[in-house]
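What follows is a single structure, written as structure tokens, with notes after it.
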Amino acid sequence: MPDQWPRAMLRAALREQGYDAVGTRNLNSALRILPDESARGPVRLIIVDQPALAGAGEQLEQFLKRHRAPSTLLLARSTQAAPAGHWGKILKRPLTIADVVGASEALIPLSPDHRHPID
């Protein structure tokens with residue numbers, strides 16, 4: 001499966017629940033997301049796949065600071081120790097898209113008024 005498919009499926013599942021999800025391939029491209037876009041609210045949750053941290057240096061810290069320290073969810077490898085960090089929650093592989101959506105809902109619950117698909 002091409003590497004963008006899991007990101008696309010996760011983004012679609014989050015949007016189906018009412019989350020305005022944006023996906024990027026790595027932390028470098030995530031740094032291009034503006035903290036104050038007029039058509040969107042603030043970034044409130046960052047989901048990081050552990051391999052994205054390899055060689056990222058201080059990019060995660062920059063991103064968190066830029067977006068006023070949102071909650072973080074790490075998708076950790078079962079064969080590697082989870083890195084220290086500001087993780088609100090760590091999910092260990094194997095996991096499903098539903099696991100990630102459930103953890104996202106636990107970290108950033110939506111009110112009933114906001115629980116609807118985003119087109």
Query - Residue count, the range 100-119 (criterion: farther than 22 Å from ALA69 by Cβ and either in contact with a strand residue (DSSP E or B) (Cβ under 6 Å, 6 or more places away or on another chain) or among the hydrophobic types (A, V, I, L, M, F, W, C) (or both)) - result: 2
Requested in this report: Please find, within the range 45-103, the residue that is surrounded by the fewest Cβ atoms within 10 Å (Cβ to Cβ) out of those that are in contact with a helix residue (DSSP H, G or I) (Cβ under 8 Å, 6 or more places away or on another chain) and of a type in the set (Gly, Ala, Ser).
Outcome: ALA98
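Rundown of residues vs (1) at pLDDT 90 or above; (2) within 13 Å of the chain's Cα centre (by Cα); (3) more than 27 Å from ARG115 (Cα to Cα), yes/no style:
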site: ASP20; (1), (2), (3): yes, yes, no
site: ASN26; (1), (2), (3): no, yes, yes
site: ILE47; (1), (2), (3): yes, yes, no
site: ALA56; (1), (2), (3): no, no, yes
site: LEU73; (1), (2), (3): yes, yes, no
site: ALA81; (1), (2), (3): yes, no, yes
site: ALA84; (1), (2), (3): no, no, yes
site: TRP87; (1), (2), (3): yes, yes, no
site: LEU95; (1), (2), (3): yes, no, no
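Inside the range 90-108, can you point out the residues that are under 18 Å from TYR19 (Cα atoms) and in contact with a Ser or Thr (Cβ under 8 Å, 6 or more places away or on another chain)?
LEU107, ILE108
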Requested in this report: Considering each residue of the range 23-44, count those that are closer than 22 Å to ALA76 by Cα and either touching a Pro at 6+ places or on another chain (Cβ under 8 Å) or surrounded by 13 or more Cβ atoms within 10 Å (Cβ to Cβ) (or both), and give that number.
Outcome: 9
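The values are calculated or read from the model by the stated rules, or taken from the named source; none is laboratory data. None of the values given here were measured: they were computed from a predicted structure. With ideal geometry, Cβ positions are generated from the backbone for all residues, glycine too; neighbour counts draw on all protein chains shown.
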